[in-house]
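Here's the structure we're looking at; comments come further down.
The values are calculated or read from the model by the stated rules, or taken from the named source; none is laboratory data. As the structure is a computational prediction, the values presented were derived from the model and not from experiment. Neighbour counts are summed over all protein chains in view; Cβ atoms, including those assigned to glycine, are modelled from backbone coordinates with ideal geometry.
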Amino acid sequence: MKKYIRNFQLSLLAGLGMLLCNSCAKNRWDEHYSVPEYLNSGSIANVLASDGSYSEFSSLLRKTGYDSLLRKSSLHTVLAVKNGGFSGIDTSANTAFLRSIIGMHIFPVAIYQQDMNNSSVSTVSGKTVNFSLSGDTYAANGQAITAGQIKTLNGQIYSLGQAIVPNPSLAEVIATTPGFSLYNDYLQSSFTDIPDPLKNTVIGTDATMKPIYRMPIIYKAFSRHLNDTKLDDEKTVSTVFAPTNEVVNKQLSRLLTAREGRTDLIIPKLGTNHGDTTIGYYFFPRNATYPGDSAILKDYLFNHVVVRGNVTNLAAGLNTFTNAKGSPLQVHSAHVTGSAKPASNGTYHTLNDLNLPELAYRCKFMFQPSLKNPAPATTYSLNPGVSFSGGAVYNNDVTSSYQNTYRGRASRFNFVNIGAAINFTMPFVTKGRYRVLLKNFLDNNGCIVNASYGSQLLKQNLNVSTQYALSEISVDVDLGNIDVTATGPVQITFKCANVSPRAAGQYLFTVDMLILEPITAP
């Protein structure tokens, strides 16, 4: 009996020992793995509401509705503004501007201080905040972050002494600055309606592999200019050398001066509803579109002045950049009024002048040997700019009989013999360098031809027969480059060098069009 009592006592002591050991271990476990205090503090909205130093900011969160966002489980980062940080800002009404200001302080991601040096982060309002580090001080859009990180259940809080007021985007600056109204008119005119790919259902493709959408089609506004320049893209940092209305009008005046005051040479916009036509010594085949000379210049001007990245300072004199189109842009410091000004996605400078390259004032010159008569509409006459020597003559036009392979109209000439020549004279060409292109209609009885510009030899021994090419098609032949030293007439001469290699005794030369394409000097 004593033995059993003794064993019971030992078991009881062992049990008590184990219980005490487990209790000590549990205490040590709880002490080591205790729940962080910030997890008990609640959401970002709760933490801010309980801190009197953020009472104004917390009130504005509730007014604008952002407090509900900051009570959710998704992670956010908030730059909370201390009381007094909204001085000078009208917070009395719940306006779109106030909501944009509060939205500038809320980020839908977790941001840590090590990520704040020279970084740009998008806010819930769609705008971007630029973080920087100077010495030991972090800043957001230039506003110093005055306190370290405060952790909460659903993100972190940093403190600001002054609210961040959102800058307008570069596109918004252009739209709201009166002096840039012509620039903005151009931007607005580039909007078109296109099918919205996200809101339409594709039910098939057509013969050209374009999508066929289920009706009715849902459209969205698309701006070609904004697509090219990205001035409304908060994630693309750019610098705009914005042309004032005075600069735009000055460039258009220079276009007219380059054409020696010939207003009839400023070609208007052409749609597709026209036949063959000649305007200002330009030939336009039927149904050919043309944006218009002034539109071409504006397009060059407005796309020319955007540079990627922030350009805040200009060196004295000439500054050279590569613009967003990949072309060189030269800006003289004297052509910039005032200092650089910030936008939410970059910087803009105000231009009072701009030296565009002379290529901007020259468009393609096109010459067709035969012209459509006003009446009757189906007849044609020889262009007065065509002349002959050595016996060459005009034969006829090549028209509908070749519609399967050729969609235009070509003029057929007969040199008659070797040495005969045909001169094509364009009565007005703006001075500069051009590439001479011949749209040559290959002919069974075509001969061998030499081309020249005055005493300058262009392409020699050009085979215009079908011996080495398919028949009944028009091909572009690069005849070479010419320098037009003075604005005025330009004459290109074609001389027969030999008979047709395909049919002996034949001297035909069939021409669709002669083109002078402006190029820059090397």
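Any residue at all in the range 434-446 that's assigned to a strand (DSSP E or B), in contact with a Pro (Cβ under 7 Å, 6 or more places away or on another chain) and touching a residue at least 60 places away in the same chain (Cβ under 8 Å)? Yes. The condition (being in contact with a Pro (Cβ under 6 Å, 6 or more places away or on another chain) and either modelled with pLDDT under 85 or under 18 Å from residue 386 (Cβ atoms) (or both)) is satisfied by just one residue among 491, 467: 467. In this entry, residue 393 is excluded by the filter for residues that are farther than 23 Å from residue 292 by Cα, modelled with pLDDT of 80 or more, hydrophobic (A, V, I, L, M, F, W, C) and buried (at least 17 other Cβ atoms within 10 Å of the Cβ).
Only one entry of 337, 347, 320 meets the criterion of being within 22 Å of residue 232 (Cα to Cα) and in a strand (DSSP E or B), and that entry is 347. Being at pLDDT 90 or above, crowded, with 17+ Cβ neighbours inside 10 Å and under 27 Å from residue 487 (Cβ atoms) holds for only one residue in 304, 332, and it is 304.
Yes/no matrix, rows are residues, columns are (1) buried (at least 18 other Cβ atoms within 10 Å of the Cβ); (2) under 30 Å from residue 140 (Cβ atoms); (3) within 15 Å of the chain's Cα centre (by Cα); (4) assigned by TED's automatic domain parsing to the domain that holds residue 86:
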| site | (1), (2), (3), (4) |
| --- | --- |
| 183 | yes, no, yes, no |
| 199 | no, no, no, no |
| 203 | no, no, no, no |
| 211 | no, no, no, no |
| 214 | no, no, no, no |
| 223 | no, no, yes, no |
| 239 | yes, yes, yes, no |
| 246 | no, no, no, no |
| 250 | no, no, no, no |
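If a residue must be in a strand (DSSP E or B) and either under 14 Å from residue 159 (Cβ atoms) or out of contact with any strand residue (DSSP E or B) (no Cβ under 7 Å at 6 or more places or on another chain) (or both), how many such residues does the range 76-102 contain? So the count comes out to 5.
For the range 126-139, a residue qualifies if it is assigned to a loop (DSSP other than H, G, I, E, B) and within 24 Å of the chain's Cα centre (by Cα), and the qualifying residues are 126, 127. If you take the residues of the range 253-295 that are surrounded by fewer than 18 Cβ atoms within 10 Å (Cβ to Cβ) and in a helix (DSSP H, G or I), which of them is modelled with the lowest pLDDT? For the range 253-295, the residue satisfying everything is 264. In this structure, does residue 242 turn out to be modelled with pLDDT of 85 or more and within 19 Å of residue 175 (Cβ to Cβ)? Against the criterion (modelled with pLDDT of 85 or more and within 19 Å of residue 175 (Cβ to Cβ)), residue 242 qualifies. Looking at 235, 199, 220, just one residue is farther than 19 Å from residue 109 by Cβ and either of a type in the set (Val, Ile, Thr) or assigned to a loop (DSSP other than H, G, I, E, B) (or both), and that residue is 199.
Total residues in the range 73-108 satisfying the condition of being surrounded by 13 or more Cβ atoms within 10 Å (Cβ to Cβ), among the β-branched types (Val, Ile, Thr) and without any contact (Cβ under 8 Å) to a residue 40 or more places away in the chain: the figure is 1. The set of residues from the range 125-168 being surrounded by fewer than 19 Cβ atoms within 10 Å (Cβ to Cβ), of a type in the set (Val, Ile, Thr) and closer than 18 Å to residue 75 by Cα comprises just one member, 150. Only one residue in 181, 253 is among the polar types (S, T, N, Q) and within 27 Å of residue 342 (Cβ to Cβ). Which one? That would be 181, the only listed residue that is among the polar types (S, T, N, Q) and within 27 Å of residue 342 (Cβ to Cβ).
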